[in-house]
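In what follows, a structure is listed as structure tokens, so that the remarks can point back to it.
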Amino acid sequence: MAGKTLTRADLAEALVDKVGLPRNESQEMVEIILKEISDSLANGEQVKLSSFGSFGIRSKGERIGRNPKTGQEVPITPRRVLVFKPSNIMKETINDQLTKKSRSNGDGKAG
């Protein structure tokens, strides 16, 4: 499923087009929002965006992994990982888009 990647510039351009902000202000606003999300996550806080989903940090303890090439056991250090859980509304939106695409293909299969 190859598609376009949404970038910061795309988000800023959407603010220009849909809200009417000047380009420099929309770019600044995108940066402020992303920094706020990043800083909150770095501080261990959960970020919930209504109708979109929630971001959180999960701590993973040290464990033993295996090098896939050699089979040798290697310790994996403890770390924090970012997790995203989409809202039910987001899941429905994604699945509705998939249904619309499969109907437009005419074959009943997802495209």
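The values are calculated or read from the model by the stated rules, or taken from the named source; none is laboratory data. This one's a predicted model, so the numbers in the text were calculated from it and none came from an experiment. Note: ideal-geometry Cβ built from the backbone for every residue, glycine included; neighbour counts use all protein chains shown.
How about segment 33-62: which of its residues are in contact with a strand residue (DSSP E or B) (Cβ under 9 Å, 6 or more places away or on another chain), basic (Lys, Arg) and either in a helix (DSSP H, G or I) or closer than 18 Å to Arg79 by Cβ (or both)? Arg58, Lys60, listed by residue number.
Evaluated against (1) among the charged types (D, E, K, R); (2) out of contact with any Lys or Arg (no Cβ under 8 Å at 6 or more places or on another chain); (3) touching a residue at least 12 places away in the same chain (Cβ under 8 Å); (4) surrounded by fewer than 10 Cβ atoms within 10 Å (Cβ to Cβ), Lys69 falls short on exactly one condition, (3). Against the test of being without any contact (Cβ under 8 Å) to a residue 12 or more places away in the chain, closer than 27 Å to Val81 by Cβ and out of contact with any Asp or Glu (no Cβ under 8 Å at 6 or more places or on another chain), the options Asp17, Asp39 yield a single qualifying residue, Asp39. Of the candidates Pro22, Pro86, the single residue that is in contact (Cβ under 8 Å) with a residue 12 or more places away in the chain and at negative phi is Pro86.
Lys18 fulfils the conditions (1) farther than 28 Å from Leu98 by Cβ; (2) surrounded by fewer than 11 Cβ atoms within 10 Å (Cβ to Cβ) except for a single criterion, (1). A Cβ distance below 7 Å, combined with a sequence gap of six or more or placement on separate chains, defines the contacts here; from segment 89-109, residues that are more than 30 Å from Ser50 (Cβ to Cβ) and at pLDDT below 70 reach residues that are surrounded by 12 or more Cβ atoms within 10 Å (Cβ to Cβ) and polar (S, T, N, Q) in the pairs Gly108/Ser102; Lys109/Ser102.
Quick one: which residue in Ser59, Ser26, Ser50 is of a type in the set (Ser, Thr, Tyr) and surrounded by 10 or more Cβ atoms within 10 Å (Cβ to Cβ)? So that I can check it myself, show each step before the final result.
Details: Ser59 fails: surrounded by 10 or more Cβ atoms within 10 Å (Cβ to Cβ); Ser50 fails: surrounded by 10 or more Cβ atoms within 10 Å (Cβ to Cβ).
That would be Ser26, the only listed residue that is of a type in the set (Ser, Thr, Tyr) and surrounded by 10 or more Cβ atoms within 10 Å (Cβ to Cβ).
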